[in-house]
1. Checking the condition buried (at least 17 other Cβ atoms within 10 Å of the Cβ) and more than 27 Å from residue 57 (Cβ to Cβ), which residue from 144, 127 passes?
2. Considering only residues that are open to solvent by 40 Å² or more (accessible area, probe 1.4 Å) and assigned to a loop (DSSP other than H, G, I, E, B), look in the range 80-106 and name the one that is modelled with the lowest pLDDT.
3. Based on what the data block shows, is residue 160 aliphatic (A, V, I, L, M) and within 15 Å of the chain's Cα centre (by Cα)?
4. Among the numbered criteria (1) modelled with pLDDT under 90; (2) within 12 Å of residue 70 (Cα to Cα); (3) open to solvent by less than 70 Å² (accessible area, probe 1.4 Å), which single criterion is violated by residue 53?
5. Do we find that residue 75 is farther than 30 Å from residue 239 by Cα and either in a helix (DSSP H, G or I) or open to solvent by 40 Å² or more (accessible area, probe 1.4 Å) (or both) in this structure?
6. Does the range 192-202 include one or more residues that are touching a residue at least 60 places away in the same chain (Cβ under 8 Å), part of a helix (DSSP H, G or I), under 26 Å from residue 39 (Cα atoms) and among the small types (Gly, Ala, Ser)?
7. Hey, residue 157 hits all of (1) open to solvent by less than 30 Å² (accessible area, probe 1.4 Å); (2) part of a loop (DSSP other than H, G, I, E, B); (3) under 17 Å from residue 125 (Cβ atoms) but one; which does it fall short on?
8. Could you check the range 172-220 and list, in sequence order, the residues that are open to solvent by less than 30 Å² (accessible area, probe 1.4 Å) and among the polar types (S, T, N, Q)?
Amino acid sequence: MADLTEEVMDDPLDASFAKASKFLEHSTELFKQEQLLQFYGLYKQATVGPCNIPKPAIYSMAARSKWYAWDKVKALNPIAAKMEYVRLMDQLAPYWCEKSSSDVSWVSVSRPKRLSESLPDEMNKSLIDRIKEDDLNGVRDMILHEDSTVSVNVLDHEGLAAIHWAADRGNVDILASLLTIDGIDINLRGSDGQTALHYASSCGNIECLKLLLKHGADRSIRDDEGETCSDVAYNQVIKACLM
């Protein structure tokens, strides 16, 4: 990722985004590959805007994964993308701000509220909110005590449903819990025509991929661009699982 201009910033969100980006540059080993892809897509959306490059060829798997990560968040404006970037950093590395403050003195310490302070009230969180937080107990509680069939197959403002988010985030336990819900559509297509199997494949989440296949996910479905989950596979290991 390119460095942001190294100057004190008056806007708290810009300052936090810059600091989080700098922290990621020096701490990539703390994150899984699929998480790095999420950060990449949000960073590009925040700094460049909607994906403006052609989709790489099928044999360029790493480049295609980055393209999908960027294109996936095309509905977010730059401010929303920065907020999601910081929110994701809060979620995955809760102490990043304190750790980086001594190393990145040029950034203002003012920043948006942490995830725990800025998300909807606990009682108002949706199933997707809890999946984004990797809140397995919260997801299970909603499945047990609420009519999850009402929302499980509904697409959110990003064109994704609960099953897509679980596969995208690589949380196999949450995905397994979702698959116990009566009426869940394992082959539900998002706004881009992709299924949860597409997302698990393109993000390299092999355990989620295997679980979806075990439950009968259709590997032959093509997205809006005519590509199957094998076409968007993150690497040869993922592709081999789909043969």
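The values are calculated or read from the model by the stated rules, or taken from the named source; none is laboratory data. The model shown is predicted, which means the values in this text are computed figures rather than measured ones. Reconstructed Cβ throughout: ideal geometry from the backbone, glycine too, with neighbour counts over all protein chains shown. In case anyone asks, the SASA skips ligands and DNA or RNA and just uses the protein heavy atoms, side chains included. Shrake-Rupley method; radii C 1.70, N 1.55, O 1.52, S 1.80 Å.
1. On the way: 144 fails: buried (at least 17 other Cβ atoms within 10 Å of the Cβ).
Being buried (at least 17 other Cβ atoms within 10 Å of the Cβ) and more than 27 Å from residue 57 (Cβ to Cβ) holds for just one of 144, 127, which is 127.
2. By that ranking, first place goes to 106.
3. Details: aliphatic (A, V, I, L, M): yes; within 15 Å of the chain's Cα centre (by Cα): yes.
In short, yes.
4. Looking at each condition in turn, residue 53 falls short on (3).
5. Working: farther than 30 Å from residue 239 by Cα: no; either in a helix (DSSP H, G or I) or open to solvent by 40 Å² or more (accessible area, probe 1.4 Å) (or both): yes.
Answer is no for this residue.
6. yes
7. (1)
8. Hits for the range 172-220 are 177, 194, 195, 201, 202, 205.
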